[in-house]
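The values are calculated or read from the model by the stated rules, or taken from the named source; none is laboratory data. As the structure is a computational prediction, the values presented were derived from the model and not from experiment. Don't worry about glycine lacking a Cβ; one is built from the backbone with ideal geometry, like all the others, and counts go over all protein chains shown. With ligands, DNA and RNA removed, areas are computed over all heavy atoms of the protein, side chains included. Shrake-Rupley method; radii C 1.70, N 1.55, O 1.52, S 1.80 Å.
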Amino acid sequence: MYKELRKRRPAVRYEALAAALRGADPDVRALAADDTAELAELGWALRELALAVAREPSTHVPFLSVAGSLATALRRHPPLRERTERIFAGHLDDPEGFVRAWTGLMAELGGGPAVRMVDTDLRDDVAGRLAHLRDEGWTEEGLSGAGHHPDSIAYHVKFGTSVRVACTAIRRHEPLTATEADRIRAETRAVLERALPLPPGGDERSELTVSLAMQPDEGSWSDRARHGARIDEALAWCASTEPDRVTLGVELLASLLLGDTLRSEQIIATLDRLAREEPHPLTLSSIMYCYGIMHRRTPLQDPPFQLFFDGLNHPDERVRTEAAGGLELLAPGTPEEGRAVAVLVDVLDHDPENRVRRMAADSLAGMKWVEERNSRAAVDALERHADSPVPEIRAQSLRDAIQRGAPDAYDRLLREFENPDVDWHFISAYTRAAFTRAAYRRAGYRRAASLDDDFLLPSDIRAAFVERLDRLAASGWADRCADPDAYPDPEDRAEMLDEILRDLRADAG
């Protein structure tokens, strides 16, 4: 009897671990995954862990723990470890091949099915992740760098991270059932029908479209697929023969692009088609906004420069404003960089609307120019407007001066803060300059070539700056805003002051 119990003890343990891996308690699942990864019977452990990864219902814990345990078990199995290395090293520039190879391995272990058809959403997502892994040390020969031998801690960490990345990418792209996709699209359509009678571009309508773009908190794997279904519905409205529905469809698309970028090929094809059809100004400005978002996520192969250049001459100021802002994203480092600088300088100097001129100044101060002559032209234009009567334009001129380390930049900054009702754009200009200056220096952009690695105010200037900001806070500056319902509201203004004061005092320490 006792001999039988001893013989059965491993089986009992495996049954208990299998039950725990399927249990409702996430902490128990994570602990069971850790124990499973250390079992002597690696074949059983790998199958159960591959299945456990495929079952996890959300992006939250214990998914990363379970995927990490799968990595541990793979690492303990030399042939599978080497095969996993070959999958990563051999597909750094081949996201489709990577998906097929990785899911093929998981299927062999007993996990989810192998993926044969790789859609553009999955391909683009995996391409970005593989680029990140290359930055982290993966090469065509494997993990590079000192200490990356299979028994090292550095190897364990990088290998585990890579397996988690692969598991996450595959799980994020599991499709909805047809019934669920239809339900999501019907719900989206109902909201759009409520929004359609409201004024285009108005706050009430925007609240409805933005609500559709909000992601739920639970982080379930279907969140991303539901987001894709809403994009599908937005694209369907963009295909309508009724201009009002097209305008609303593009408005929704612009809101949805604040989340994950899915359906990239369909979106670009839709934007290209609509841009050729001389759309309503509000629709055109939304189209331009969407192009900018798409380009920022993944650079467009053929950016629609002429659309933006033509937009700067459009009679509607909303279109001109969006065109001026979009060139900051599209033009740097391209053959159109010089032309973009020239037209933005012309807009800053001559456009009749301050809103458009403010955006041109913002783009000139924010663009990462590659050519020295273009950088010089942008600097010269912003310096000419250092005393502009428009506070936002002065703020952008000052932002550029701080980024460049201009000798008089801090004195100008202090003068602005002598005004008890200083425009909030000057606080924004300082914080954006600090961030951009550091980013330029790290990336080696020409405009920051002579800057130090750190961005710290000189101690005497910092003390004067803190004194003026403290005075603003004590005087109730945060509450003195022109429109309490617009950005920044009193709470936003108070947060701006608190944040910048915290940073300045931290630098002093």
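Scanning segment 104-120 for residues that are charged (D, E, K, R) and either outside any helix (DSSP H, G or I) or open to solvent by less than 60 Å² (accessible area, probe 1.4 Å) (or both) turns up 116, 119.
Annotation: residue 229 fulfils all but one of (1) within 19 Å of residue 289 (Cα to Cα); (2) open to solvent by less than 10 Å² (accessible area, probe 1.4 Å); the unmet one is (1). Inside segment 49-78, can you point out the residues that are over 26 Å from residue 152 (Cα atoms), open to solvent by less than 20 Å² (accessible area, probe 1.4 Å) and assigned to a helix (DSSP H, G or I)? 52, the sole residue that qualifies. Condition first: under 21 Å from residue 222 (Cβ atoms), open to solvent by 20 Å² or more (accessible area, probe 1.4 Å) and either of a type in the set (A, V, I, L, M) or in contact (Cβ under 8 Å) with a residue 60 or more places away in the chain (or both). Now tell me which residues in segment 173-201 satisfy that. Of everything in segment 173-201, those that are under 21 Å from residue 222 (Cβ atoms), open to solvent by 20 Å² or more (accessible area, probe 1.4 Å) and either of a type in the set (A, V, I, L, M) or in contact (Cβ under 8 Å) with a residue 60 or more places away in the chain (or both) turn out to be 176, 178, 181, 186, 190, 191. In this structure, residue 123 does not satisfy being surrounded by fewer than 20 Cβ atoms within 10 Å (Cβ to Cβ), in a helix (DSSP H, G or I), touching a Phe, Trp or Tyr at 6+ places or on another chain (Cβ under 9 Å) and not aromatic (Phe, Trp, Tyr). Listed by first and then second residue, the pairs linking a residue in segment 343-356 that is open to solvent by 20 Å² or more (accessible area, probe 1.4 Å) to a residue that is part of a helix (DSSP H, G or I) and among the acidic types (Asp, Glu), with Cβ atoms under 8 Å apart and 6 or more places separating them unless they lie on different chains, are 353/317; 354/392; 355/317.
If you go through segment 67-88 and keep only what is of a type in the set (A, V, I, L, M) and under 26 Å from the mean Cα position of the chain (by Cα), you end up with just 67. Only one entry of 375, 397 meets the criterion of being touching a residue at least 40 places away in the same chain (Cβ under 8 Å) and within 19 Å of residue 346 (Cα to Cα), and that entry is 375. The requirement of being buried (at least 21 other Cβ atoms within 10 Å of the Cβ), on the phi < 0 side of the Ramachandran plot and not hydrophobic (A, V, I, L, M, F, W, C) is fulfilled somewhere in segment 237-247, by at least one residue. The residues of segment 332-342 that are open to solvent by less than 20 Å² (accessible area, probe 1.4 Å) and of a type in the set (Gly, Ala, Ser) amount to a single one, 340.
The condition of being open to solvent by less than 40 Å² (accessible area, probe 1.4 Å), modelled with pLDDT of 90 or more and β-branched (Val, Ile, Thr) does not hold for residue 161. Pull up segment 479-495, narrow it to residues that are among the aliphatic types (A, V, I, L, M) and either modelled with pLDDT under 90 or on the phi > 0 side of the Ramachandran plot (or both), then point me to the one that is surrounded by the fewest Cβ atoms within 10 Å (Cβ to Cβ). Ranking the qualifying residues of segment 479-495, first place goes to 482. Annotation note: of 386, 361, the sole residue that is hydrophobic (A, V, I, L, M, F, W, C) and either under 29 Å from the mean Cα position of the chain (by Cα) or loosely packed, with under 14 Cβ neighbours inside 10 Å (or both) is 361.
The residues of segment 421-430 that are modelled with pLDDT under 90, open to solvent by 10 Å² or more (accessible area, probe 1.4 Å) and not aromatic (Phe, Trp, Tyr) amount to a single one, 428. Taking every residue in segment 291-302 that is closer than 12 Å to residue 325 by Cβ and pairing it with any residue that is at pLDDT below 90, at least 6 positions away or on another chain, the pairs with Cβ-Cβ distances below 9 Å are 293/258; 293/261. Looking at 74, 51, just one residue is among the aliphatic types (A, V, I, L, M) and touching a Ser or Thr at 6+ places or on another chain (Cβ under 7 Å), and that residue is 74. Against the criterion of being over 25 Å from the mean Cα position of the chain (by Cα), of a type in the set (A, V, I, L, M) and closer than 29 Å to residue 62 by Cα, residue 178 qualifies.
Of the residues making up segment 174-207, just one is touching a Phe, Trp or Tyr at 6+ places or on another chain (Cβ under 9 Å) and over 16 Å from residue 249 (Cα atoms), namely 174.
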